[in-house]
1. Quick one: would you say B:Val32 is touching a helix residue (DSSP H, G or I) at 6+ places or on another chain (Cβ under 7 Å) and of a type in the set (A, V, I, L, M)?
2. Which condition from (1) modelled with pLDDT of 90 or more; (2) facing chain A (nearest Cβ under 9 Å) is the one that B:Pro63 breaks?
3. Go through segment A:286-331 residue by residue and tally those that are in contact (Cβ under 8 Å) with a residue 60 or more places away in the chain and not in a helix (DSSP H, G or I).
4. Of the residues that sit in segment A:952-976 and are touching a residue at least 60 places away in the same chain (Cβ under 8 Å) and in a strand (DSSP E or B), which one is surrounded by the most Cβ atoms within 10 Å (Cβ to Cβ)?
5. Condition check: of a type outside the set (Phe, Trp, Tyr), surrounded by fewer than 23 Cβ atoms within 10 Å (Cβ to Cβ) and within 14 Å of chain B (Cβ to nearest Cβ). Does A:Gln399 satisfy that?
6. If we scan segment A:246-260, do we find a residue that is assigned to a loop (DSSP other than H, G, I, E, B), under 25 Å from A:Val358 (Cβ atoms) and in contact (Cβ under 8 Å) with a residue 24 or more places away in the chain?
7. Inspect segment A:460-472 for any residue being under 28 Å from A:Gly386 (Cα atoms) and out of contact with any helix residue (DSSP H, G or I) (no Cβ under 7 Å at 6 or more places or on another chain) and give the result as yes or no.
8. With the condition kept exactly as written, say whether any residue in segment A:266-276 is crowded, with 18+ Cβ neighbours inside 10 Å and in a helix (DSSP H, G or I).
Amino acid sequence: METKPIVTSHGNQVVFSSLHKRLIEALPKEPTEWRRSYGRPARNVHVEASFVPYDDDILPDDSIKTLVSRLYFHIFWIDCDLEAYKQKEKEEISDWSAALKAKNIPDWLIVVFNSDENKSKSKLLPRSSVYDKIKSDFCSKNPDRIFVLEQGTDSKSQSLWNSFISRLRLLLLQAFTRHLQKYEDNMRALREKRNEVGWNFQEYFIVQEELAFMFEMLGLLDDAMIQYDELDALFTQFILNHASGQSVPWLKSLMEPCKTWAGLSLYKSISWEKRDLIKDNKASLLEFRNYLFSRQCAILLLQQRPGEIIHRAIEYLHATVQEMKTLEIEINDGGLDCWVYLSGLEVLLKCQELTDSVNPRSQSLNTAYLWDYVCRKLQRLGETCGLMPGDTNAPSSEQLSLVIDLTSGMGLTEQEDNDDNDGEELKVHPSDKLREALSSRESFQRIYLEQSELAMGTFKHIGRFRSARMIGKNLADFYMKLGEPQKAENYLSDAMTSYHQEGWKKLRDVTRLELANCQYQVNNKQKYSKTACQVASSNYLDMTDKQTHMSQVLAVAQSASSHVLLKASPLLKVEVTEISETTVAVDEKFYIKMTVENTGPCDIQCNSIWLTMVDCAPEMSFSSDKSWSKLKTPVTRQTSNSSLDNRIVMNLQNTNKQDDVMIDFRLHYEGNVVDPESVGIACTNSHEVLKRSDSSGGVLKKEEEPVTKDTLNQCITLNDVMLKPGKNFVTLKCEGISAGNYQLGQAGIEVGNIEFLTNMKSDLSIAVTCDNTFCEIIPDSLLAGRKQDITVCLHAGNIPIDEGCKVKITALDNIKIESTYDDDTVIIQDAVHRGGTTLMKINVFHEPSVQGETNIDSHIAFDCSWLPRALMTTVQFLNPFIVSHKLHTAGEMKYIQMMIQGQCKTQFVVSDWSLIADSKDLDLISLNKIESVMKVNADQSCSLLWQVKSNLAKLPKIEFVFKVNYGCVIDDDQSKQIIYKFSLDSFQTLFSIKSDVIPINDNKVCMTGTLSKFTIHVHQMPGREALNDQDLLYEVIGQSYWNVHGKSTGIFSVHGGNYTTSVEVMPLVAGFIPFPRVKLYKYTGPKKPDSSEVWIKNAVEDDDLFSTDDDSDDSGPITIPYTQPFDQGQVYYCSMGKQTQVLASDKTGEVEVSRV
Amino acid sequence: MAVCVAVIAKENYPLYIKAASADSELKFYYTVHTSLDVIEEKVSSAGKNANELRELYLGLLYPTEDYKVYGYVTNTKIKFVIVVESSNSTLRDNEIRSMFKKLHNAYVDMLCNPFYTPGENITSKVFNNTVISMMQE
């Protein structure tokens, strides 16, 4: 509103017009503080003014109660010299002043303009200038009412000008204050009369609005807004009072039947026509409200607060609709909807380009809501006027005439508006839009869809998804009516999903029902079946709907060309309650009891019900010693740490009811696996089991997973079952399941081509075992050499044994079997059931083997008449003792030692021993006690000794036979004999070697680090075969005590029966140390080999020189040096046990003493 | 006089919804569900200045032409929604506040029952009677 306070100017118009432009510009440049009465806050105001020439007639008097068009201030301009003033101007001023006084106007100012010529004079005669004259003539009481201006641009005239402007502002504001105060007093007085008869709100409205105009004019938009808000509140209060019975007469004019429902118009900031209507008390409620709101909007627009406009618009629309209802104003059906639509759209269109700087979010939020509101109104209109799709009939004649009425109702004022606003034609006007929408179904649909999408998009944009879903659902309804279910499907399933996720079951089911209808029309069988099943099992829906969809699903099941897999839940709830056995054999039957709950409305005839069994690892269920080795290597931890590994202990008990969360037990141990410090079971998912369910959102289920059919595992099937609504108990007979430990896998219910699947969550399990018939021998460890009673357990396994079956026991290997049965054949007396056992007692004996093995494995065959093959059972015998022999030599004398070593705790006695040689040239002289009995066990062995005597120079190979009787102390039967055979060859002594250590130089004793002489004497035994031609080789082995200097080996031959040589040796350690060893070999090869060249074939230990092939000395060319050791007993080393004393040398600071 | 009273769990699923008339029940389900948008917004915007003690009463959530929806959130994030008719001008903010207070007290009494598991649908008769009395006032 471009009005400014009006100021009159009188006097010298030439002066005024020269200053006019400057004045208009200068006034609003700086704000002036405006202090106001009634303690209202001071405001800074940019004062503006518009100037009109003065005329006596236009002066207002007190009776005129306007504010805006009032003449606030009067200025008299004067520019003349003293003469002129006296002659002419003085009279003019006094006329002017008198006129103002007559009207009781104190707001005036006389401006004296000093042109250059007057200036000098005034200086000469300061007391007699025009200024002084006027001051004394007119402004004696109020000297601030006169002001002097000077022409020119110098600083003095500039500062005069500035102070003039500020004086003028202040005076203007004073004038405003005076008028406002007066006005407000009047207004308040008028308001106080509101309950008096004859008071009229419309009148008062105009009065207070004037105040608002005034504030708006001064740029005080907030204050202007307050005036309107007060009016709004006052009006609302009247309506509320009316509703509660306090009717006021002036409301009657507003309550006239409403003929027009033109929307709000925001094109102009003020509509004077409407204001005049209100003034004349002719406006309808809608018009009044429109006007009031348009004024509020105008001010808000000036304040650049479009968000506030939209926010207020919602309230305004709602409140006005309520008021229309409260006042029971007659209006055409749909008229109010038209009005809301038009007004809402007007606001939206006005605000859509503007962004609220204060709160853009709140703007978009309210925008979304307003769009939604507008859309709903459009939908209502569409329904009223028969424009919604899906109606087969064309709009009826009443509906058509209604459209015409509605169009005319909103058009009347619109036409006028358009006439006034030619420049605004470019914009799409809401009424045009509505007219278009109401014109035909197609355009209605287009506009409705367009605006709904807009509303939904805006809601989504600001994150109000629930509201967006709601619109989506409305849109889906619309599409359904439009016959485009495929478009509706997405909206519905989105809505359904979000209701489902949030746990709004009723809304979910209602939406599901719509979705099912939609999918049925789309003819998507898979999706439809799924949705329809969910519908059928709903608790919130009508029985008829459920039945319709159930029967449609069953029809789909019969007709569908392809197989449809669906989740069983929620239509069918499958639970396995019991498995008849925990363990069965392979070919045994067992039963699984299932509860199938049909939550649908009617019977379901299903082709089959099946259940898969999943094999789980066998060691999980049967914990035994063997399982240790199969388990993964456990981590050994500190005792303080506890470990949980993956050993699942499966619960094999039949439990009838499971919790939702299965308790998952694991083996738990502390410390070492083999020797644990503590062992127990621990629950690995304790956090899940013990989770608080009250405050931790456990109620909502997770997102559904796709359905896949389990085709891998073994399956049990039951055909043709009728499932009645409610719980059905089904028993599945299980046969032919292969061996294993099974848990329940997936259950499926097949109805026609639809299969309902569910994964079983159950800890029920069954072990199917495949046990063959086998024999077990008790006790499992037996001793050889004893007759022992054993028990044979014949485990029937899976094959029951009938009465009269025969078992033939046959000993293999060296076992002797004695039994009480005829022909070693057992006839089963009592039938043995599956898994049962029958016992047989037999007596077994096995010869001990003296040759050294600890255990003897033998086999017994059980030839069962009902089995195709004989059962082989391994029997293990422990050898009770081992017999061995040893040859001893002392010079020429030979001894044979026999040893019997026990291997078991069981005590045996041996007696009646004898050693017999097969040669008569040999005498064996027993050195043992005669007729004694010796005990043998694991801790006690026995030795027997014979001396061998012979006069022959060379003995052939001789066989010996050692016989001994033995018996077990705990057995009372007679003793048995063992025979041990062995042979000896060339064991007679050929050479004896003597050696000595002699200190050399003057030493009396050997010193460490000092060389000594080591002499060797080889002597051939008399009476033996001479070996003169045989080259011999000796070797001195110093071991760790001696260091051999020079050659440690030498080749010689024994001529004359003796040979003596010496080598130098140096003791390495002090103390009594044994002599170096001397070994003798047969030598074949060059006579004088370097010792390094001598290749000692066998590094044999001590004097155990085993013979190799005797013929070797003839073989091969002689060029290759070759040594051959002597047989055992052929060389006797006399100095074997000799020792010599070695003293520590002084040279070394340390004494090294070795104890031997 | 309320036309619909709803109690909504922390996870936004309904614990209790009672409408004055059975016919309009579904409509109020939608209304209450939609109001959750506004409640979430108000609660999350209040949560930004955590030091301030949040007022439980959320005020008018949103008006429709016929109804006004008011919200209230307990400290345990249980939401109460009361829907009143727009035409009922006697109900001011204070009346609504006292209705919520009453509802909250009834809810707490109901929750004190050891046989009630938090998160289950509310079936308490006493609670139901309180709600019915709020609708008949």
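1. Values: touching a helix residue (DSSP H, G or I) at 6+ places or on another chain (Cβ under 7 Å): no; of a type in the set (A, V, I, L, M): yes.
Here the answer is no, as B:Val32 does not meet what is asked.
2. Tallying (1) modelled with pLDDT of 90 or more; (2) facing chain A (nearest Cβ under 9 Å), B:Pro63 fails exactly one: (1).
3. Qualifying residue count, segment A:286-331: 6.
4. A:Val964
5. no
6. There is no residue in segment A:246-260 that is assigned to a loop (DSSP other than H, G, I, E, B), under 25 Å from A:Val358 (Cβ atoms) and in contact (Cβ under 8 Å) with a residue 24 or more places away in the chain.
7. No - not one qualifying residue is present in segment A:460-472.
8. yes
The values are calculated or read from the model by the stated rules, or taken from the named source; none is laboratory data. None of these values were measured; they are calculated from a predicted model. Methodologically, a virtual Cβ is constructed for each residue, glycine included, from the backbone with ideal geometry; neighbour enumeration extends over all protein chains shown.
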